[in-house]
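Structure first, then comments.
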Amino acid sequence: MPLTGKNAGDMDHRASPPGPFPLRTRLAALAGRSLARLSRRAGRGSGSVVGGHAILAIDRSALARLAAGRETFLVSGTNGKTTTTKLVAAAVSPTGHVVTNVLGANLPSGLATALASGPRGAPAVLEVDEAWLPRVATQLGPSVMALLNLSRDQLDRNNEVRQVAQRWRQACQEASPSLVVVANADDPLVAWAASGAKRVIWVGAGLRWKADATGCPACGGQVVFAGASDSPLRLEDEPLAGWSCSECGLCRPHLDVLLDWRPGGGHSAIVVHGTRHRLSIGLPGRCNAANAAMALAAVAASGRDAEAALVAMARVRDVAGRYATVKVGRASARLLLAKNPAGWAEVFDMLSPPPAPVVVAINARTADGHDPSWLWDVPFEQLRDRFVVSTGERGLDLAVRLHYAEVPHAYVPGLHQAVEAAANNPGSRAPGGPDPGVIEVVANYTAFHQLLSMTGRRP
Amino acid sequence: MTVALVYPELLGTYGDSGNATVLVQRLRRRGQEARALTVHADQVVPATCELYVVGGGEDLPQELAAAKLRAARPLHRAVEAGSVVLAVCAGLQVLGERFAGPDGRATDGLGILDCVTERTGSPRAIGEILVQPAAEWAGQGLPVLTGFENHGAVTELGPGCRPVGRVIAGVGNHDGTVEGAVAGRVWGTYMHGPVLARNPCLADMLLSWVVGSLGPLDDTEPEALHDERARLGSLERRLGGPVQEASRWARLRRARSGQ
């Protein structure tokens, strides 16, 4: 399927001006916006959740009505939702004429607030919680849906990642024929789910964490991955890379878009239907190059120009505080988010080299999942050559993990004190250096938000 | 001493591979030789290891793992030879007589534990769990066990096995009364965490079944974690999440009602 030209142009993202909303929807939106504003003034966060609840309580069909007449992009997956959403939003509307949930409020309440607060008729680029995606997609009727990846996360809520894939597949099968699904072909769970859709753009975005994908989603047989698991996917290897099930033959679909990732930067590229686009983004790591590939494919699927999209995407440097360097007392800290084993698999490469110390903050609130046993699926043994400070509300769980991983560490309950402990640790100073420089702070979801608030950068 | 980690791709969803890490580390730290042997799904499980760790997993992989283990019977032979098995959640169900397969129908287990697991339609048991071990093990110094449970089916024990103990907080096997299934040297439990990371005494008890009595270890952090979870487990279960997240109102209400 061509990404540009006639077919893509048929999608017509320049829709005619929509008629007025029904009275009930207008009332609901007004109430939601007011409540959200009140909540913000009272210092109780962004107010998007409480506002959204009000909207949906007054008008149960608010999501569908507020999205009517808009060109809507949905982004979902276990990791990379917020970044990919930001990249797509930047490319879809470099001037900011776009509706998006930049604060990561990705449940129906947050989506309702975003749609009620944004300009009428503007395109919507929304990240959606993976468990909610099927219901949200039914109501919003998106034109493009980007499916990034699926792996174990918040198992106390999602239970089985395979069940999420099953529900995605059903949603893809039942969606309107005009929906274009942009899917990461390198993730067997995503590929199986997306193959139910009528129109799919397959993206070779890579998959580093494979432990949730070794059982075939179709038959349970063993999925075999070609090539070394950690080696970067190169263009010349492309026909050899991929995966297939040893039992039923399910295999990676033929790619429309390919991320040609070269570590160290400089020459990475995204190949869109044979045309090579040099990739330059302001965000670190392989995973963000993969997010950019997914974003570019989604934007190109809507008929927009790929080069212009890449220029707009390159300007994105800060995603809700991630990768930002902040002052904590006298120390400088770079904030990284990793909330599950797949996220951690990408973070190890981003850390500045040893002996740079690392602070890891772990909570187990509802948004994190109440069960932090996933810490044992992260190869923390890779941090043996540096000093690690464990902190957060479940910092003891992490300390025990580091204890058995033989990583030199200390458990310091307070976030602020933890960063200072890392800065003051003599073992972490670079040879000859007067101070340890920037402390790497890796936090899971709610711990990350606590860090942002603590440093005055309210998300 | 070899600790076999059985089919982590199929039975390893909840960090349960950490149990093997803990067992090996606790022996090595005492100067004894130990190694973890990861047996992948396309490999044959050897019947000659001293200790086996079987973890939790999703429905379809669980059925596949059971089929593989039924065919070659490595665990049957190992258990007959006196090996120790730690089976967690789906692992416990697989070692039983029957369990609920992907579509809910009864699927043959290994029959090593005299228990049957079925889906009854009751809500999934999710949250912190605390268990008072039975007198036999409490008498050997095993304290209250802490874990995190997450299972949709219920397990009924037959006369051939005993529960780990009495549930203090949580659901356990069925209805909040008892947890786990133990027969001989096979320890089946619904506790994730991983269970041995949270309960160092249990790790040492299983190890001592293989190597005899063990010397002391610096357990400051594992014991601190155990004590924190034992202290907060009941409250978190009732609040439905961490204490820090519960509203002031909910905490006040709990305090007033004396819980």
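The values are calculated or read from the model by the stated rules, or taken from the named source; none is laboratory data. Please read all numbers here as calculations on a predicted model, not as lab measurements. Here the Cβ is made from the backbone with ideal geometry for all residues, glycine too, and neighbour counts use every protein chain on show. Ligands, DNA and RNA are stripped out before the accessible areas are found, and what is left, the full protein with its side chains, is counted by its heavy atoms. Shrake-Rupley method; radii C 1.70, N 1.55, O 1.52, S 1.80 Å.
Take A:Ala191 and decide whether it is open to solvent by less than 10 Å² (accessible area, probe 1.4 Å) and either within 17 Å of A:Pro341 (Cα to Cα) or at pLDDT 85 or above (or both). Steps first, please.
Details: open to solvent by less than 10 Å² (accessible area, probe 1.4 Å): yes; either within 17 Å of A:Pro341 (Cα to Cα) or at pLDDT 85 or above (or both): yes.
When the stated conditions are applied, A:Ala191 passes them.
Name the one entry in B:Gly104, B:Gly56, B:Gly141 that is touching a Ser or Thr at 6+ places or on another chain (Cβ under 8 Å) and within 30 Å of B:Gly241 (Cα to Cα). First the steps, then the outcome.
Details: B:Gly104 fails: touching a Ser or Thr at 6+ places or on another chain (Cβ under 8 Å); B:Gly141 fails: touching a Ser or Thr at 6+ places or on another chain (Cβ under 8 Å).
None of the others qualify; the one that does is B:Gly56.
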B:Leu10 - would you say it is under 19 Å from B:Arg73 (Cα atoms) and more than 11 Å from chain A (Cβ to nearest Cβ)? no
Exactly one condition in (1) out of contact with any Asp or Glu (no Cβ under 7 Å at 6 or more places or on another chain); (2) at pLDDT 95 or above; (3) more than 16 Å from A:Tyr445 (Cα to Cα) is false for A:Gly392; which is it? (3)
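Do we have B:Ala87 as over 17 Å from A:Gly215 (Cα atoms) and either open to solvent by less than 30 Å² (accessible area, probe 1.4 Å) or within 14 Å of another protein chain (Cβ to nearest Cβ) (or both) here?
On the way: over 17 Å from A:Gly215 (Cα atoms): yes; either open to solvent by less than 30 Å² (accessible area, probe 1.4 Å) or within 14 Å of another protein chain (Cβ to nearest Cβ) (or both): yes.
The answer is yes for B:Ala87.
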Among the residues of segment B:30-64, how many are within 14 Å of chain A (Cβ to nearest Cβ), among the hydrophobic types (A, V, I, L, M, F, W, C) and buried (at least 22 other Cβ atoms within 10 Å of the Cβ)? 2
Within segment A:364-381, how many residues are more than 19 Å from the chain's Cα centre (by Cα), more than 7 Å from every other protein chain (Cβ to nearest Cβ) and in a loop (DSSP other than H, G, I, E, B)? 1
Just checking, does segment A:127-146 include any residue being within 14 Å of chain B (Cβ to nearest Cβ) and modelled with pLDDT of 95 or more? no
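Checking the conditions here, which among B:Asn173, B:Asn199 is within 18 Å of B:Ser234 (Cβ to Cβ), in contact with a strand residue (DSSP E or B) (Cβ under 9 Å, 6 or more places away or on another chain), crowded, with 22+ Cβ neighbours inside 10 Å and among the polar types (S, T, N, Q)? Please lay out each step first, then the result.
Numbers: B:Asn173 fails: within 18 Å of B:Ser234 (Cβ to Cβ).
None of the other options fit; the residue is B:Asn199.
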Reported set for segment B:187-216 where residues are more than 11 Å from chain A (Cβ to nearest Cβ), touching a residue at least 40 places away in the same chain (Cβ under 8 Å) and out of contact with any Leu (no Cβ under 9 Å at 6 or more places or on another chain) is B:Gly215
Quick one: what pairs do we get from segment B:217-240, first residue under 19 Å from B:Ile168 (Cβ atoms) and facing another protein chain (nearest Cβ under 10 Å), second among the small types (Gly, Ala, Ser) and assigned to a helix (DSSP H, G or I), C-beta under 8 Å, 6+ apart or different chains? B:Leu225/A:Ala399; B:Leu225/B:Ala197
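Working carefully through the options A:Arg120, A:Arg162, find the one that is farther than 15 Å from A:Asn101 by Cβ, more than 16 Å from the chain's Cα centre (by Cα) and within 14 Å of chain B (Cβ to nearest Cβ).
A:Arg162
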Of the listed residues (A:Asp230, A:Asp212, A:Asp305, A:Asp256), the one being more than 14 Å from chain B (Cβ to nearest Cβ), open to solvent by 10 Å² or more (accessible area, probe 1.4 Å) and at pLDDT below 90 is A:Asp230
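Would you pick out the residues in segment A:184-206 that are of a type in the set (Gly, Ala, Ser) and within 17 Å of A:Gly141 (Cα to Cα)?
Taking segment A:184-206 first, the residues of a type in the set (Gly, Ala, Ser) are A:185, A:191, A:193-197, A:204-206.
If the condition is that a residue be of a type in the set (Gly, Ala, Ser) and within 17 Å of A:Gly141 (Cα to Cα), then A:Ala194, A:Gly196, A:Ala197 are the ones that fit.
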Would segment A:48-57 turn up any residue that is surrounded by fewer than 24 Cβ atoms within 10 Å (Cβ to Cβ) and closer than 23 Å to A:Ala298 by Cβ? no
If B:Pro123 passes every condition in (1) within 14 Å of chain A (Cβ to nearest Cβ); (2) touching a residue at least 24 places away in the same chain (Cβ under 8 Å); (3) not small (Gly, Ala, Ser) but one, which one does it miss? (2)
Only one of these is surrounded by 17 or more Cβ atoms within 10 Å (Cβ to Cβ), out of contact with any Ser or Thr (no Cβ under 9 Å at 6 or more places or on another chain) and within 16 Å of B:Trp187 (Cα to Cα): B:Val131, B:Val79, B:Val116. Name it. B:Val79
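Go through the residues of segment A:122-141 one by one and say whether even a single one is basic (Lys, Arg), in contact with a helix residue (DSSP H, G or I) (Cβ under 7 Å, 6 or more places away or on another chain), over 22 Å from A:Trp202 (Cα atoms) and open to solvent by 20 Å² or more (accessible area, probe 1.4 Å).
The answer is no; no qualifying residue exists.
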Do any helices (runs of 4 or more DSSP H) entirely within segment A:29-92 hold 2 or more residues that are under 29 Å from A:Ala290 (Cα atoms), and if so, which? A:81-92
Where residues in segment B:13-27 are assigned to a helix (DSSP H, G or I) and under 28 Å from A:Arg162 (Cβ atoms), which of them is nearest to the other protein chains (Cβ to nearest Cβ)? B:Gly18
